[in-house]
Amino acid sequence: CNDALCSSPSLAIVDSIGDVGQHTSLQLHAAGYPLIAFYGDTNTNLKLAVCIDCSTGSTVATLDSPGVVGRYTSLQLNAAQSAVISYYDDTNQDLKLIVCNGLTCSSSTRVVVDSTGDVGRFSSLQLNA
């Protein structure tokens with residue numbers, strides 16, 4: 001939407017390569033543009049789309065692969081406005097967390113939060129201020 005009442009909505013395709021867009025989670029950057037974490041089913045990867053100017057496209061990064069990783073995402077932005085994402089690793093049945101460095105996640109830190117049994121579906125992430 002371009003205003004609070006969404007009187008003139010705009011639509012943008014942020015990724016169209018294969019079967020993508022499952023298990024989405026969206027946050028708005030302080031500057032107003034969206035960051036979207038999602039699962040790409042074709043390549044079974046966790047992805048992040050950053051749409052600074054959606055009319056000209058978006059930057060899409062693969063954040064975790066190989067294996068079946070990236071379902072059930074929960075995205076928040078940290079104090080630096082970088083993405084922090086919790087998600088499920090189907091291959092290992094683990095709950096994982098990735099902390100991006102920078103807006104487009106050109107580098108990141110990835111950790112296994114819990115690996116006891118089959119854990120991590122439907123996580124919900126909240127960060128302290």
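The values are calculated or read from the model by the stated rules, or taken from the named source; none is laboratory data. Here the structure is a predicted model, which is why all the values come from computation and not from measurement. Cβ sites come from the backbone with ideal geometry, for glycine too, and all protein chains shown count toward neighbours. Ligands, DNA and RNA are stripped out before the accessible areas are found, and what is left, the full protein with its side chains, is counted by its heavy atoms. Shrake-Rupley method; radii C 1.70, N 1.55, O 1.52, S 1.80 Å.
A few comments on the model shown:
- In this view, the solvent-accessible surface of PHE38, computed with a 1.4 Å probe and all protein chains in place, comes to about 10 Å².
- In this structure the amide hydrogen of SER108, modeled in the peptide plane, comes within under 5 Å of the amide hydrogens of ASN101, none closer than 5 places in sequence on its chain.
- In sequence order, calculated HN-Hα J values of segment 64-79 (Karplus, 6.51, -1.76, 1.60; Hz; x Gly/Pro): 8, 5, x, x, 9, 9, x, 7, 6, 6, 9, 10, 9, 10, 7, 4
- R0 of 25 Å, Cβ-Cβ distance CYS54-LEU127: FRET efficiency to nearest 0.05: 0.50
- Normalised by residue count, segment 57-128 yields a Cα convex hull volume of 94 Å³ per residue.
- Length-normalised contact order for the chain - Cα pairs under 8 Å, 6+ apart - percent: 18 percent
- Residue-level accessible surface for THR109, protein heavy atoms, 1.4 Å, Å²: 80 Å²
- Counted over all Cα-Cα pairs of the chain, pairs farther apart than 25 Å make up 23 percent.
- Shape category assigned to segment 31-98 from the gyration tensor of Cα positions, a/c cut at 1.5: oblate
- Förster-model FRET efficiency, 30 Å R0, ASN101 and LEU11, C-beta, rounded to 0.05: 0.50
- Length-normalised contact order for segment 1-54 - Cα pairs under 8 Å, 6+ apart - percent: 28 percent
- Full extension of the chain segment joining ALA79 with THR24 gains 17.6 nm, where the gain is 0.36 nm per residue of separation less the Cα-Cα distance.
- 3J(HN,Hα) from dihedral phi, segment 86-92, Karplus parametrisation 6.51/-1.76/1.60, rounded to Hz, x for glycine, proline: 9, 6, 9, 9, 4, 4, 9
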